[in-house]
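**Q** Before anything else, here's the structure in question.
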């Protein structure tokens, strides 16, 4: 009985998995590391046709071709970097969700860090300016005027 | 003084970054250059659409400036751009087609119905050559110079304006 239940649950899971995957093929891997690399690679590449879908999530024909190529290159023993290069050579930097760090992208990666640094400098300068202003001692004249104001307040 | 300068720098910087990002918003993300620009046409080996026994390779595209058009019978924009391609062929420009993800039967049917501006058609039923070219849809048009180097790329439908304003000047430039 328990066996039947387990089997039926497994069957249900299989079919629901198939329904969610839609037009996207299921690939079998003997090696879990290879499978993880395949998943990460196909999730990190943008479908050139559908603009904001990763190729592991898109049923465009070109995405199927790209997944197939990633799979083939993995089987051929290529490294992740080689596979990414292979794709970028054909489809351009556009397909990378994470642009690589190179001359062209220093501004892209550097700008957020630069802006945070500017913000920190501004805050530090403002805090210091404010502290200096409040620490400044009053002149005798100012002190007398302040006393007068306080006394007037009290007497009224 | 430095403080005033700093306070001025903030809005200026903000406006600068905002303008930079704003002009990016208006750009069409599908309007991007081919990754193969200024690179050699990829090596390939394929049969031709008309003759399964005839093999061609990348040397087909050297010796003369050639327009390579990727098309398929299943692609509506390919039909619409045929008059423009026929006009380009009439002007004496060498045209080579890549019959992309199609069958021989349907490809030949297409040519007899819409005209054949191509000197030869490379048969690419699985899209293998298309993949090497970074093609992700049809039609796409590449300009290959006499040395077999890709010099210009047009994604999608070629309108009569595209012919006048982009393709003819590019052909002249590389001839």
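**Q** Å³ per residue of the Cα convex hull, for the protein assembly as shown?
**A** 316
**Q** Can you sort A:127, A:122 so the residue with the fewest Cβ neighbours within 10 Å comes first?
**A** Exposure proxy ranking, most exposed first: A:127, A:122.
**Q** For chain B, what's the relative contact order in percent, using C-alpha pairs closer than 8 Å and at least 6 residues apart?
**A** 28
**Q** How big is segment A:104-155 by Rg and Dmax over its Cα atoms, in Å?
**A** 22.0, 72
**Q** At 4 °C and 1.567 mPa s, grab the translational diffusion coefficient of segment B:126-166 from Stokes-Einstein with a Kirkwood Rh over Cα pairs, rounded to a whole number in µm² per second.
**A** 114
**Q** If you project the alpha carbons of segment B:33-174 onto the principal axes, what extent comes out on each, in Å, largest first?
**A** Taking max minus min along each principal axis of the Cα atoms, segment B:33-174 gives 36, 29, 26 Å.
**Q** When chain B is treated as a GNM, springs tying every alpha-carbon pair under 10 Å, which of B:35, B:138, B:46 comes out with the largest mean-square fluctuation?
**A** B:35
**Q** Here's another thing I want to ask about it. Give me B:3, B:50 sorted ascending by neighbouring Cβ count inside 10 Å, so fewest comes first.
**A** Listed from fewest to most nearby Cβ atoms, that is B:3, B:50.
**Q** Specify the angular offset, from 0 to 90 degrees and rounded to the nearest 10, of the alpha carbon long axis of helix B:76-90 from the longest principal axis of the alpha carbons in chain B.
**A** For B:76-90 against chain B, the angle is about 70 degrees.
**Q** Cα axis of helix B:2-25 to longest principal axis of chain B: angle in degrees, 0 to 90, nearest 10?
**A** Rounded to the nearest ten degrees, it is 20.
**Q** Antiparallel DSSP bridges in the protein assembly as shown: what percent, to the nearest 5?
**A** Among the beta bridges of the protein assembly as shown, antiparallel pairing accounts for roughly 60 percent.
**Q** Helix-only mean residue ellipticity at 222 nm, chain B, DSSP H runs n ≥ 4 weighted -39,500 (n - 2.57), per residue, nearest 500. What is it?
**A** Calculated mean residue ellipticity at 222 nm is -11000 deg cm²/dmol.
Since every read-out is calculated from the coordinates, none of them should be taken as a lab result. Since this is a predicted model, take the numbers as computed values, not measurements. Positions of Cβ are backbone-derived with ideal geometry, glycine not excepted, and every protein chain shown enters the neighbour counts.
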